[in-house]
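Worksheet: the structure to be examined is printed underneath.
The values are calculated or read from the model by the stated rules, or taken from the named source; none is laboratory data. Computed from a prediction, not measured in an experiment: that's the story for all the values here. Methodologically, a virtual Cβ is constructed for each residue, glycine included, from the backbone with ideal geometry; neighbour enumeration extends over all protein chains shown. Note: accessible area is taken over every heavy atom of the protein model, side chains too, but ligands, DNA and RNA are not part of it. Shrake-Rupley method; radii C 1.70, N 1.55, O 1.52, S 1.80 Å.
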Amino acid sequence: MKKNLSFWLSGLDFQIEPSLKQDLEIDVAIIGGGFTGLNTAYNLYQMDKNIKTAIIEKDFIGFGASGRNAGFSMTLFGFTLEITALRFGKENAKRAYYYMVDAVQYVHDLIHKHHLDSDYEYPGFLRVAINDTYAKRIQKEIEFAHKLDLPGIYWLSQEEVQKRIHSDIYKGAWWEPHCGLLNPAKHAIALKKLLLDYKIPIYENTPSVEIQKEKYNKILIRTPNAKIKADKVVIATNAYSFFYKPLKNKQIPIFTYVIITEPLQDSHFATIGWRGREGIEDSRNFVHYYRLTKDNRILMGGRDINLSYNFNLNQDQNEFVFKKLKEDLIKTFPVLKDIKIDFSWGGPVSATLDFAPVIGFLGDKNIIYSFGCMGHGVSLTQYNGLTIAELLLNQQTKRTDIFFVNRRIIPFPPEPIRFVVSLGIKKLLELEDRWIDSVYK
(Lines give C-alpha, C1' and ligand atoms only; values in the text may rest on other atoms or scores of the structure.)
Protein backbone atom coordinates (compact mmCIF):
# COMPACT_ATOMS: atom_id res chain seq x y z
CA MET A 1 0.00 0.00 0.00
CA LYS A 2 1.35 3.42 -1.00
CA LYS A 3 0.78 5.49 2.12
CA ASN A 4 3.39 7.97 0.93
CA LEU A 5 1.04 9.34 -1.75
CA SER A 6 0.56 12.49 0.33
CA PHE A 7 1.55 14.07 3.62
CA TRP A 8 -1.99 13.45 4.85
CA LEU A 9 -1.87 9.71 4.17
CA SER A 10 1.67 9.24 5.45
CA GLY A 11 0.62 10.30 8.94
CA LEU A 12 -2.33 7.93 9.24
CA ASP A 13 -2.57 4.40 10.61
CA PHE A 14 -5.60 2.66 9.15
CA GLN A 15 -6.78 -0.80 8.18
CA ILE A 16 -7.52 -1.87 4.61
CA GLU A 17 -10.78 -3.78 4.22
CA PRO A 18 -10.61 -7.18 2.49
CA SER A 19 -11.26 -7.36 -1.24
CA LEU A 20 -14.50 -8.84 -2.60
CA LYS A 21 -14.26 -12.63 -2.81
CA GLN A 22 -17.92 -13.73 -3.05
CA ASP A 23 -20.68 -12.76 -5.48
CA LEU A 24 -23.10 -10.06 -4.32
CA GLU A 25 -26.65 -9.12 -5.24
CA ILE A 26 -27.53 -5.65 -3.96
CA ASP A 27 -29.66 -2.60 -4.68
CA VAL A 28 -26.90 -0.02 -5.30
CA ALA A 29 -23.26 -0.64 -6.16
CA ILE A 30 -20.89 2.30 -5.77
CA ILE A 31 -17.63 2.18 -7.71
CA GLY A 32 -15.05 4.45 -6.09
CA GLY A 33 -14.33 5.09 -2.42
CA GLY A 34 -13.65 8.82 -2.48
CA PHE A 35 -15.78 11.65 -1.13
CA THR A 36 -18.49 11.16 -3.78
CA GLY A 37 -18.93 7.45 -3.19
CA LEU A 38 -18.69 7.67 0.60
CA ASN A 39 -21.28 10.43 0.81
CA THR A 40 -23.63 8.72 -1.62
CA ALA A 41 -23.61 5.61 0.59
CA TYR A 42 -24.04 7.73 3.72
CA ASN A 43 -27.07 9.58 2.34
CA LEU A 44 -28.73 6.44 0.98
CA TYR A 45 -28.49 4.97 4.47
CA GLN A 46 -29.98 8.11 6.02
CA MET A 47 -32.90 8.03 3.57
CA ASP A 48 -33.67 4.31 3.68
CA LYS A 49 -31.79 1.90 5.93
CA ASN A 50 -33.22 -1.07 4.03
CA ILE A 51 -31.33 -0.26 0.83
CA LYS A 52 -28.53 -2.76 0.27
CA THR A 53 -25.46 -0.77 -0.73
CA ALA A 54 -21.80 -1.66 -1.15
CA ILE A 55 -18.69 0.30 -2.14
CA ILE A 56 -15.87 -1.21 -4.18
CA GLU A 57 -12.55 0.64 -4.39
CA LYS A 58 -9.71 -0.26 -6.75
CA ASP A 59 -7.03 0.73 -4.23
CA PHE A 60 -7.97 1.99 -0.76
CA ILE A 61 -10.21 4.69 0.67
CA GLY A 62 -8.44 8.01 0.18
CA PHE A 63 -6.13 6.79 -2.57
CA GLY A 64 -7.27 9.38 -5.12
CA ALA A 65 -7.99 13.08 -4.77
CA SER A 66 -9.85 12.50 -1.51
CA GLY A 67 -6.57 11.67 0.22
CA ARG A 68 -4.29 14.08 -1.60
CA ASN A 69 -6.10 17.41 -2.05
CA ALA A 70 -5.39 20.61 -0.12
CA GLY A 71 -8.52 20.34 2.03
CA PHE A 72 -10.34 23.55 1.00
CA SER A 73 -14.10 23.26 1.53
CA MET A 74 -15.04 26.27 -0.56
CA THR A 75 -17.76 27.84 -2.72
CA LEU A 76 -15.90 28.04 -6.05
CA PHE A 77 -17.76 26.25 -8.86
CA GLY A 78 -15.86 25.57 -12.07
CA PHE A 79 -13.16 28.04 -13.14
CA THR A 80 -14.66 31.45 -12.27
CA LEU A 81 -18.11 32.88 -11.65
CA GLU A 82 -18.02 34.89 -14.88
CA ILE A 83 -17.00 31.90 -17.00
CA THR A 84 -19.82 29.86 -15.47
CA ALA A 85 -22.25 32.65 -16.39
CA LEU A 86 -20.86 32.87 -19.92
CA ARG A 87 -21.30 29.12 -20.42
CA PHE A 88 -24.59 28.52 -18.60
CA GLY A 89 -26.19 31.94 -18.09
CA LYS A 90 -26.32 34.33 -15.14
CA GLU A 91 -29.21 32.62 -13.40
CA ASN A 92 -27.42 29.27 -13.44
CA ALA A 93 -24.19 30.90 -12.22
CA LYS A 94 -26.21 32.21 -9.29
CA ARG A 95 -27.73 28.78 -8.67
CA ALA A 96 -24.26 27.21 -8.82
CA TYR A 97 -22.97 29.61 -6.18
CA TYR A 98 -25.82 28.83 -3.80
CA TYR A 99 -25.34 25.10 -4.45
CA MET A 100 -21.74 25.54 -3.34
CA VAL A 101 -22.73 27.59 -0.28
CA ASP A 102 -24.99 24.69 0.69
CA ALA A 103 -22.14 22.27 -0.06
CA VAL A 104 -19.79 24.00 2.37
CA GLN A 105 -22.53 24.02 5.00
CA TYR A 106 -23.24 20.34 4.35
CA VAL A 107 -19.61 19.40 5.10
CA HIS A 108 -19.59 21.66 8.17
CA ASP A 109 -22.77 20.05 9.54
CA LEU A 110 -21.70 16.49 8.67
CA ILE A 111 -18.45 16.82 10.61
CA HIS A 112 -20.11 18.32 13.66
CA LYS A 113 -23.10 15.95 13.66
CA HIS A 114 -20.92 12.84 13.73
CA HIS A 115 -17.87 14.34 15.50
CA LEU A 116 -15.66 13.28 12.60
CA ASP A 117 -11.92 13.41 13.24
CA SER A 118 -11.11 15.65 10.26
CA ASP A 119 -8.90 18.40 11.75
CA TYR A 120 -11.67 20.75 10.67
CA GLU A 121 -11.62 24.51 11.05
CA TYR A 122 -13.69 27.32 9.56
CA PRO A 123 -11.38 30.30 9.00
CA GLY A 124 -12.71 31.82 5.76
CA PHE A 125 -11.07 32.37 2.39
CA LEU A 126 -8.88 35.02 0.75
CA ARG A 127 -8.24 35.31 -2.98
CA VAL A 128 -5.23 37.59 -2.96
CA ALA A 129 -4.11 39.99 -5.69
CA ILE A 130 -0.34 39.86 -6.17
CA ASN A 131 -0.24 42.85 -8.55
CA ASP A 132 -2.52 45.58 -9.85
CA THR A 133 -3.74 43.60 -12.87
CA TYR A 134 -4.93 40.77 -10.65
CA ALA A 135 -6.46 43.30 -8.26
CA LYS A 136 -8.60 44.63 -11.10
CA ARG A 137 -9.51 41.07 -12.12
CA ILE A 138 -10.69 40.23 -8.61
CA GLN A 139 -12.59 43.49 -8.18
CA LYS A 140 -14.37 42.87 -11.49
CA GLU A 141 -15.38 39.39 -10.30
CA ILE A 142 -16.66 40.83 -7.01
CA GLU A 143 -18.68 43.47 -8.88
CA PHE A 144 -20.19 40.70 -10.98
CA ALA A 145 -21.04 38.70 -7.84
CA HIS A 146 -22.77 41.75 -6.37
CA LYS A 147 -24.78 42.27 -9.58
CA LEU A 148 -26.05 38.72 -9.08
CA ASP A 149 -26.95 39.65 -5.46
CA LEU A 150 -24.56 37.07 -4.04
CA PRO A 151 -23.90 37.75 -0.35
CA GLY A 152 -20.80 37.42 1.80
CA ILE A 153 -18.13 38.44 -0.72
CA TYR A 154 -16.05 41.56 -0.01
CA TRP A 155 -13.01 43.42 -1.30
CA LEU A 156 -10.21 44.03 1.21
CA SER A 157 -7.82 46.87 0.49
CA GLN A 158 -4.06 46.40 0.60
CA GLU A 159 -3.98 47.82 4.11
CA GLU A 160 -6.82 45.57 5.27
CA VAL A 161 -5.34 42.37 3.90
CA GLN A 162 -1.88 43.21 5.30
CA LYS A 163 -3.42 43.41 8.76
CA ARG A 164 -4.55 39.80 8.38
CA ILE A 165 -1.50 38.36 6.60
CA HIS A 166 1.64 40.27 5.81
CA SER A 167 3.27 39.79 2.43
CA ASP A 168 4.80 42.59 0.38
CA ILE A 169 3.25 41.18 -2.78
CA TYR A 170 -0.39 41.45 -1.59
CA LYS A 171 -2.29 44.37 -3.15
CA GLY A 172 -5.74 43.46 -1.87
CA ALA A 173 -8.01 40.43 -1.65
CA TRP A 174 -11.42 38.86 -2.14
CA TRP A 175 -12.67 37.95 1.34
CA GLU A 176 -15.30 35.29 1.91
CA PRO A 177 -16.02 33.94 5.39
CA HIS A 178 -17.78 30.79 4.12
CA CYS A 179 -14.85 28.38 3.78
CA GLY A 180 -13.62 25.45 5.84
CA LEU A 181 -10.31 23.61 5.92
CA LEU A 182 -9.77 19.94 6.76
CA ASN A 183 -7.35 17.06 6.56
CA PRO A 184 -8.86 15.21 3.58
CA ALA A 185 -7.37 11.78 4.28
CA LYS A 186 -8.46 11.83 7.93
CA HIS A 187 -11.90 12.95 6.77
CA ALA A 188 -12.16 10.11 4.24
CA ILE A 189 -11.10 7.54 6.85
CA ALA A 190 -13.58 9.01 9.35
CA LEU A 191 -16.38 8.65 6.78
CA LYS A 192 -15.27 5.09 6.08
CA LYS A 193 -15.46 4.24 9.79
CA LEU A 194 -18.92 5.79 9.97
CA LEU A 195 -20.17 3.64 7.09
CA LEU A 196 -18.66 0.51 8.60
CA ASP A 197 -20.49 1.33 11.83
CA TYR A 198 -23.67 1.37 9.72
CA LYS A 199 -22.71 -2.12 8.42
CA ILE A 200 -22.31 -0.83 4.86
CA PRO A 201 -19.81 -3.16 3.13
CA ILE A 202 -16.64 -1.57 1.74
CA TYR A 203 -14.35 -3.71 -0.40
CA GLU A 204 -10.89 -2.28 -1.04
CA ASN A 205 -8.33 -3.59 -3.53
CA THR A 206 -11.35 -4.46 -5.70
CA PRO A 207 -11.24 -2.99 -9.20
CA SER A 208 -14.26 -3.16 -11.47
CA VAL A 209 -13.17 -5.02 -14.59
CA GLU A 210 -16.40 -4.69 -16.57
CA ILE A 211 -19.87 -3.18 -16.27
CA GLN A 212 -22.70 -4.52 -18.42
CA LYS A 213 -26.47 -4.50 -18.55
CA GLU A 214 -28.28 -7.80 -17.99
CA LYS A 215 -31.84 -9.06 -18.20
CA TYR A 216 -34.56 -7.50 -16.07
CA ASN A 217 -32.60 -4.20 -15.84
CA LYS A 218 -29.96 -5.72 -13.61
CA ILE A 219 -26.40 -4.43 -13.94
CA LEU A 220 -23.47 -6.80 -13.71
CA ILE A 221 -20.10 -5.63 -12.37
CA ARG A 222 -17.21 -8.02 -12.78
CA THR A 223 -14.28 -7.83 -10.36
CA PRO A 224 -11.20 -10.07 -10.36
CA ASN A 225 -12.63 -12.56 -7.87
CA ALA A 226 -16.40 -12.06 -7.81
CA LYS A 227 -19.43 -10.59 -9.56
CA ILE A 228 -21.90 -7.98 -8.33
CA LYS A 229 -25.49 -7.76 -9.52
CA ALA A 230 -27.14 -4.44 -8.74
CA ASP A 231 -30.29 -2.55 -9.65
CA LYS A 232 -28.36 0.71 -9.84
CA VAL A 233 -24.71 1.72 -10.11
CA VAL A 234 -22.84 4.88 -9.19
CA ILE A 235 -19.54 5.50 -11.00
CA ALA A 236 -17.79 7.76 -8.48
CA THR A 237 -14.30 7.55 -9.94
CA ASN A 238 -13.71 11.23 -10.82
CA ALA A 239 -10.35 11.62 -12.64
CA TYR A 240 -10.14 7.83 -13.08
CA SER A 241 -13.46 7.62 -14.96
CA PHE A 242 -11.81 6.93 -18.31
CA PHE A 243 -11.73 3.20 -17.41
CA TYR A 244 -15.34 2.91 -18.60
CA LYS A 245 -15.60 3.42 -22.36
CA PRO A 246 -18.74 5.64 -22.44
CA LEU A 247 -16.99 8.11 -20.10
CA LYS A 248 -13.53 8.01 -21.64
CA ASN A 249 -13.69 11.30 -23.55
CA LYS A 250 -16.00 13.24 -21.25
CA GLN A 251 -13.23 14.40 -18.89
CA ILE A 252 -9.46 14.27 -18.54
CA PRO A 253 -7.11 13.89 -15.56
CA ILE A 254 -4.97 16.96 -14.88
CA PHE A 255 -2.08 16.68 -12.43
CA THR A 256 -1.53 19.32 -9.77
CA TYR A 257 1.32 19.44 -7.23
CA VAL A 258 1.81 20.31 -3.57
CA ILE A 259 4.63 20.94 -1.11
CA ILE A 260 4.40 21.13 2.66
CA THR A 261 6.87 22.69 5.09
CA GLU A 262 8.14 21.78 8.49
CA PRO A 263 6.09 23.39 11.30
CA LEU A 264 6.44 27.17 11.53
CA GLN A 265 7.84 28.80 14.66
CA ASP A 266 6.40 31.71 16.65
CA SER A 267 9.04 33.95 15.10
CA HIS A 268 7.63 33.21 11.64
CA PHE A 269 4.11 34.14 12.71
CA ALA A 270 5.41 37.33 14.34
CA THR A 271 6.42 38.47 10.85
CA ILE A 272 3.66 36.90 8.73
CA GLY A 273 0.69 37.28 11.05
CA TRP A 274 -1.93 34.86 9.65
CA ARG A 275 -3.53 34.50 13.08
CA GLY A 276 -6.91 34.00 11.40
CA ARG A 277 -5.56 30.91 9.56
CA GLU A 278 -7.49 31.75 6.38
CA GLY A 279 -7.27 29.57 3.28
CA ILE A 280 -5.61 31.47 0.43
CA GLU A 281 -5.51 31.40 -3.36
CA ASP A 282 -4.15 33.97 -5.77
CA SER A 283 -5.91 34.92 -9.01
CA ARG A 284 -3.55 33.57 -11.65
CA ASN A 285 -5.00 31.15 -14.19
CA PHE A 286 -2.75 28.49 -12.65
CA VAL A 287 -3.38 29.53 -9.09
CA HIS A 288 -1.24 29.10 -6.04
CA TYR A 289 -3.31 27.77 -3.14
CA TYR A 290 -1.98 27.64 0.39
CA ARG A 291 -3.05 27.13 3.97
CA LEU A 292 -1.89 26.18 7.44
CA THR A 293 -2.21 22.64 8.77
CA LYS A 294 -3.23 21.73 12.31
CA ASP A 295 0.42 21.62 13.38
CA ASN A 296 1.21 24.96 11.65
CA ARG A 297 2.92 23.76 8.52
CA ILE A 298 2.30 25.66 5.29
CA LEU A 299 0.88 23.69 2.42
CA MET A 300 1.36 25.34 -0.97
CA GLY A 301 0.17 23.88 -4.25
CA GLY A 302 -0.61 24.80 -7.82
CA ARG A 303 1.54 27.04 -10.04
CA ASP A 304 1.58 24.56 -12.94
CA ILE A 305 -0.13 21.40 -14.11
CA ASN A 306 0.75 18.27 -16.08
CA LEU A 307 -1.39 16.76 -18.80
CA SER A 308 -1.49 13.04 -19.44
CA TYR A 309 -1.08 11.52 -22.87
CA ASN A 310 -3.41 8.58 -23.43
CA PHE A 311 -4.44 8.72 -19.77
CA ASN A 312 -1.01 8.02 -18.32
CA LEU A 313 -1.43 8.37 -14.54
CA ASN A 314 2.20 7.93 -13.52
CA GLN A 315 2.80 11.65 -13.00
CA ASP A 316 2.54 12.10 -9.24
CA GLN A 317 6.06 13.56 -8.96
CA ASN A 318 7.36 16.72 -10.65
CA GLU A 319 10.63 18.04 -9.23
CA PHE A 320 10.55 21.14 -11.42
CA VAL A 321 7.18 22.25 -10.04
CA PHE A 322 8.20 21.36 -6.48
CA LYS A 323 11.29 23.56 -6.84
CA LYS A 324 9.25 26.46 -8.25
CA LEU A 325 6.66 26.15 -5.49
CA LYS A 326 9.43 26.51 -2.88
CA GLU A 327 10.66 29.64 -4.70
CA ASP A 328 7.10 31.03 -4.80
CA LEU A 329 6.64 30.35 -1.10
CA ILE A 330 9.80 32.30 -0.25
CA LYS A 331 8.80 35.14 -2.58
CA THR A 332 5.47 35.36 -0.76
CA PHE A 333 7.01 35.09 2.72
CA PRO A 334 10.77 35.91 2.63
CA VAL A 335 11.06 35.11 6.34
CA LEU A 336 10.74 31.44 5.32
CA LYS A 337 13.93 31.43 3.22
CA ASP A 338 15.48 28.70 5.39
CA ILE A 339 12.31 26.65 5.85
CA LYS A 340 12.56 22.92 5.17
CA ILE A 341 10.16 21.15 2.82
CA ASP A 342 9.08 17.95 4.55
CA PHE A 343 6.83 16.47 1.87
CA SER A 344 5.86 16.93 -1.77
CA TRP A 345 3.32 15.09 -3.88
CA GLY A 346 0.87 15.31 -6.75
CA GLY A 347 -2.25 13.73 -8.13
CA PRO A 348 -4.94 14.00 -10.80
CA VAL A 349 -8.04 16.17 -10.70
CA SER A 350 -10.92 15.81 -13.12
CA ALA A 351 -11.49 18.49 -15.78
CA THR A 352 -14.16 18.83 -18.45
CA LEU A 353 -13.64 20.82 -21.64
CA ASP A 354 -15.92 23.63 -20.44
CA PHE A 355 -14.44 23.76 -16.91
CA ALA A 356 -17.67 22.73 -15.16
CA PRO A 357 -18.74 19.62 -13.21
CA VAL A 358 -21.43 17.16 -14.17
CA ILE A 359 -23.68 14.52 -12.65
CA GLY A 360 -25.00 12.39 -15.49
CA PHE A 361 -26.89 9.27 -16.50
CA LEU A 362 -25.67 6.57 -18.86
CA GLY A 363 -28.64 5.46 -20.91
CA ASP A 364 -31.51 5.15 -18.45
CA LYS A 365 -31.33 6.42 -14.87
CA ASN A 366 -29.84 3.24 -13.44
CA ILE A 367 -26.17 4.21 -13.93
CA ILE A 368 -25.06 7.58 -12.57
CA TYR A 369 -21.62 9.18 -12.85
CA SER A 370 -20.06 12.33 -11.43
CA PHE A 371 -16.81 14.19 -12.18
CA GLY A 372 -15.27 17.47 -13.38
CA CYS A 373 -14.79 19.38 -10.13
CA MET A 374 -11.71 21.22 -11.47
CA GLY A 375 -9.71 20.75 -8.27
CA HIS A 376 -12.31 22.42 -6.05
CA GLY A 377 -14.17 19.28 -5.09
CA VAL A 378 -13.92 18.90 -1.31
CA SER A 379 -17.35 20.38 -0.66
CA LEU A 380 -18.78 19.74 -4.15
CA THR A 381 -18.10 15.99 -4.30
CA GLN A 382 -19.54 15.42 -0.85
CA TYR A 383 -22.70 17.42 -1.51
CA ASN A 384 -23.04 15.67 -4.86
CA GLY A 385 -23.30 12.47 -2.83
CA LEU A 386 -26.57 13.80 -1.42
CA THR A 387 -27.79 14.81 -4.89
CA ILE A 388 -26.91 11.40 -6.33
CA ALA A 389 -28.72 9.60 -3.50
CA GLU A 390 -31.84 11.66 -4.23
CA LEU A 391 -31.57 10.87 -7.94
CA LEU A 392 -31.20 7.15 -7.20
CA LEU A 393 -34.43 7.26 -5.18
CA ASN A 394 -36.24 9.31 -7.85
CA GLN A 395 -36.74 12.23 -5.51
CA GLN A 396 -37.32 15.75 -6.80
CA THR A 397 -35.44 18.44 -4.90
CA LYS A 398 -33.66 21.72 -5.57
CA ARG A 399 -30.51 19.64 -6.03
CA THR A 400 -31.85 17.12 -8.54
CA ASP A 401 -33.15 20.04 -10.61
CA ILE A 402 -29.76 21.80 -10.76
CA PHE A 403 -28.62 22.61 -14.30
CA PHE A 404 -25.48 20.45 -14.32
CA VAL A 405 -27.42 17.24 -13.66
CA ASN A 406 -27.40 15.29 -16.93
CA ARG A 407 -26.19 18.33 -18.87
CA ARG A 408 -24.70 18.03 -22.33
CA ILE A 409 -20.93 17.54 -22.15
CA ILE A 410 -18.58 18.76 -24.85
CA PRO A 411 -16.41 15.67 -25.50
CA PHE A 412 -12.67 15.69 -25.86
CA PRO A 413 -11.42 14.43 -29.24
CA PRO A 414 -9.49 11.14 -29.38
CA GLU A 415 -5.71 10.96 -29.02
CA PRO A 416 -3.46 12.51 -30.21
CA ILE A 417 -5.84 15.43 -30.94
CA ARG A 418 -7.05 15.41 -27.33
CA PHE A 419 -3.55 16.01 -26.02
CA VAL A 420 -2.87 18.76 -28.58
CA VAL A 421 -6.14 20.57 -27.73
CA SER A 422 -5.51 20.27 -23.99
CA LEU A 423 -1.93 21.46 -24.38
CA GLY A 424 -3.10 24.41 -26.47
CA ILE A 425 -5.55 25.52 -23.76
CA LYS A 426 -2.85 25.12 -21.13
CA LYS A 427 -0.33 27.18 -23.11
CA LEU A 428 -2.78 30.05 -23.64
CA LEU A 429 -3.55 30.25 -19.92
CA GLU A 430 0.13 29.90 -19.09
CA LEU A 431 1.17 32.66 -21.50
CA GLU A 432 -1.31 35.09 -19.95
CA ASP A 433 0.08 34.33 -16.47
CA ARG A 434 3.65 34.81 -17.69
CA TRP A 435 2.84 38.07 -19.46
CA ILE A 436 1.15 39.55 -16.41
CA ASP A 437 3.96 38.38 -14.14
CA SER A 438 6.58 39.89 -16.46
CA VAL A 439 4.95 43.32 -16.39
CA TYR A 440 5.55 43.62 -12.66
CA LYS A 441 9.09 42.25 -12.46
Quiz prompt | Shape metrics for the stretch 20-77, restricted to C-alpha atoms - Rg then Dmax, Å | solution = 13.5, 42
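Can you give the % of DSSP beta bridges in the stretch 260-417 that are antiparallel, to the nearest 5? Provide the component values of the computation, followed by the final result.
Values: 14 of 15 bridges.
Beta bridges within the stretch 260-417, antiparallel portion: roughly 95 percent.
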Self-check item: Furthest towards positive pole of dipole, 122, 26, 322, structure part the chain, Cβ charges
Solution: 26
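Once you charge only the Cβ atoms, +1 for Lys and Arg and -1 for Asp and Glu, what is the size of the charge dipole of the stretch 64-137 about its Cα centre, to the nearest 20 debye?
Working: 9 positive and 8 negative charges, 84 e Å.
So the dipole magnitude of the stretch 64-137 works out to roughly 400 debye.
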Self-check item: Between the stretch 93-171 and the stretch 403-435, the alpha-carbon center distance in angstrom
Solution: 26
Quiz item: Taking +1 at the Cβ of each Lys and Arg and -1 at the Cβ of each Asp and Glu, which of 257, 274, 292 sits farthest along the dipole of the stretch 237-333 towards its positive end, judged by Cα position relative to the Cα centre?
Solution: 257
Self-check item: On Cα atoms only, tilt of 35-47 relative to the major axis of the chain in degrees
Solution: 60
Exercise. May I ask for the net charge around residue 84, where only other residues with Cβ less than 15 Å from the Cβ of residue 84 are counted and Lys, Arg are +1 while Asp, Glu are -1?
Key: +3
Practice problem: Please work out how many pairs of lysine residues in the stretch 1-127 are eight or more positions apart (or on different chains) and have Cα atoms closer than 30 angstrom. | Solution: 13
Quiz item: For the stretch 295-424, with only Lys/Arg (+1) and Asp/Glu (-1) charged at the beta-carbon, what is the dipole magnitude about the Cα centre, in debye rounded to 20?
Solution: 220
Exercise. Just report the Cα centroid separation between the stretch 13-43 and the stretch 234-266, whole Å.
Key: 19
Self-check item: Highest-MSF residue in the chain out of 251, 212, 382 [GNM, Cα springs under 10 Å]
Solution: 212
Self-check item: Under 5 Å, built H, 5+ apart or other chain: amide partners of residue 367
Solution: 233, 362
Quiz item: Picking from 282, 342, 119, which is most flexible by a Gaussian network model of the chain using Cα springs under 10 Å?
Solution: 342
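Report the trypsin sites (Lys or Arg not before Pro) located in the stretch 170-201 that are in a DSSP loop and have at most 11 other Cβ atoms inside 10 Å of their Cβ, or state none. Display every interim value, and only then the final one.
On the way: sites: 171, 186, 192, 193, 199; in loops: 171, 199.
In loop regions of the stretch 170-201 (DSSP not H, G, I, E or B), the sparsely surrounded trypsin sites (Lys or Arg not before Pro) are 199.
At a 10 angstrom cut-off on C-beta neighbours, averaged per residue, how do the peptides 224-231, 314-321 rank from highest to lowest?
Answer by packing, highest mean first, reads 224-231, 314-321.
At 222 nm, what value in deg cm²/dmol follows for the chain if DSSP H runs of at least 4 each add -39500 (n - 2.57) and the sum is divided by all its residues, to the nearest 500? Don't jump to the answer; show the numbers that get you there.
On the way: 11 runs with 147 residues, N = 441.
That comes out to -10500 deg cm²/dmol.
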Practice problem: Report the calculated FRET efficiency for residue 227 and residue 406 (r = Cβ-Cβ distance, R0 = 41 Å), to the nearest 0.05. | Solution: 0.90
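What trypsin sites (Lys or Arg not before Pro) in the stretch 1-66 are in a loop by DSSP, with at most 12 other Cβ atoms within 10 Å of the Cβ? Numbers along the way, then the final one.
Numbers: sites: 2, 3, 21, 49, 52, 58; in loops: 2, 3, 21, 49, 52, 58.
Here the trypsin sites (Lys or Arg not before Pro) that fit, given the DSSP loop and packing criteria, are 2, 21, 49.
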Quiz item: Mind listing P(r) for the stretch 162-296? All alpha-carbon pairs, 5 Å bins, whole percents.
Solution: 2, 6, 11, 13, 14, 12, 10, 9, 9, 7, 4, 3, 1, 0
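Translational diffusion coefficient of the chain at 20 °C, 1.002 mPa s, Stokes-Einstein with Kirkwood Rh over Cα pairs, in µm²/s as a whole number. Show your work: numbers first, answer last.
On the way: Rh = 22.3 Å.
Reported coefficient: 96 µm²/s.
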Quiz item: Which residue, chosen from 67, 53, 89, occupies the Cα position most advanced towards the positive end of the dipole of the stretch 50-111, where the dipole is computed from +1 (Lys, Arg) and -1 (Asp, Glu) charges on Cβ about the Cα centre?
Solution: 89
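As a test, work out the antiparallel percent of DSSP beta bridges whose residues both lie in the chain, rounded to the nearest 5. Working shown, then result.
Numbers: 47 of 68 bridges.
Rounded to the nearest five, the antiparallel share is 70 percent.
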Quiz prompt | Value of Rg/Rh across the stretch 177-240 [Cα atoms, Kirkwood radius] | solution = 1.09
Quiz prompt | Neighbour cut-off at most 13 other Cβ (10 Å), DSSP loop, chymotrypsin sites (Phe, Trp or Tyr not before Pro), the stretch 239-297 | solution = none
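For the stretch 115-191, what number results from the quotient of the Cα radius of gyration and 2.2 N^0.38 Å?
Working it through for the stretch 115-191, the quotient is 1.34.
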Self-check item: Distance histogram in 5 Å bins (all Cα pairs of the stretch 221-268, percent per bin)
Solution: 4, 13, 15, 15, 12, 8, 7, 7, 7, 5, 4, 2
Quiz item: Roughly how big is the stretch 1-60's charge dipole about its Cα centre, with Cβ charges of +1 (Lys, Arg) and -1 (Asp, Glu), in debye to the nearest 20?
Solution: 180
Quiz prompt | Accessible surface of residue 336 - all protein chains present, 1.4 Å probe, nearest 10 Å² | solution = 0
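Express the accessible area of the chain per residue in Å², computed with a 1.4 Å probe while the remaining protein chains stay in the model.
On the way: 18750 Å² over 441 residues.
About 43 Å² of surface per residue is accessible.
Determine the shape class of the stretch 4-115: with a ≥ b ≥ c the square roots of the Cα gyration tensor eigenvalues, call it rounded for a/c under 1.5, and otherwise prolate if a/b is greater than b/c, oblate otherwise. Mind dumping the intermediate values first?
Working: a/c = 2.05, a/b = 1.51, b/c = 1.35.
Since a/c reaches 1.5 and a/b is larger than b/c, the shape of the stretch 4-115 is classed as prolate.
If we sort 418-428, 389-399 on the protection proxy, mean other Cβ atoms within 10 Å, highest first, what's the order? Walk me through the intermediate numbers first.
Numbers: 418-428: 14.2, 389-399: 16.5.
For the peptides 418-428, 389-399, the packing ranking is 389-399, 418-428.
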